[in-house]
Amino acid sequence: MKIRRQTIVITDDHKICFYTYISEKKANGLRIVHKYFKYGVIDNTGKLLCKLKYDYIFDFCNGFAPVEKNCKYGFININGEEILKPEYDFVWNFEDGVAKIYKNNEIFLINEKGHFIEN
């Protein structure tokens with residue numbers, strides 16, 4: 001018999017949520033959570049900001065986190081909003097408001113709203 005450890009979160013509005021993984025609290029109060037082989041994001045009240053839909057969510061850096069879905073990458077912001085759909089072969093973290101993304105042997109630049117910037 002295999003017992004899986006579950007973590008219980010009781011939200012401010014008294015809902016009970018079960019997750020198989022909860023990350024350490026990040027500087028912005030967010031936590032990355034895992035359940036049923038998918039990742040999402042909760043805030044410090046336990047509210048789900050980003051649905052459990054990604055294969056992996058990397059740590060937040062400069063207000064954004066790279067996400068992976070079906071071996072493609074994109075970004076979410078600290079509000080859990082997807083600013084760049086996971087359609088790219090690789091992404092780099094944001095620095096000075098700009099991130100590099102890679103697709104089809106080309107590197108592109110995007111701003112914090114997910115809009116492309118001319119190189």
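Here are a few things to note about the model shown:
- In region 11-31, the residues that are over 22 Å from residue 64 (Cα atoms) and free of Cβ contacts under 8 Å to residues at least 60 places away in the same chain reach residues that are among the charged types (D, E, K, R) and loosely packed, with under 11 Cβ neighbours inside 10 Å with C-beta atoms within less than 9 angstrom, at least six apart or across chains, in these pairs: 20/4; 20/5.
- So residue 13, is it within 10 Å of the chain's Cα centre (by Cα) and either at pLDDT 95 or above or over 17 Å from residue 111 (Cα atoms) (or both): no
- Among the candidates 114, 80, 46, residue that is over 30 Å from residue 16 (Cα atoms), at pLDDT below 95 and surrounded by 14 or more Cβ atoms within 10 Å (Cβ to Cβ): 114
- Condition met for residue 36 (touching a residue at least 12 places away in the same chain (Cβ under 8 Å), out of contact with any strand residue (DSSP E or B) (no Cβ under 6 Å at 6 or more places or on another chain), loosely packed, with under 14 Cβ neighbours inside 10 Å and not polar (S, T, N, Q)): yes
The values are calculated or read from the model by the stated rules, or taken from the named source; none is laboratory data. Just so you know, these numbers come straight off a predicted model, no measurement behind them. Positions of Cβ are generated from backbone atoms using ideal geometry, with glycine treated the same way; all protein chains shown enter the neighbour counts.
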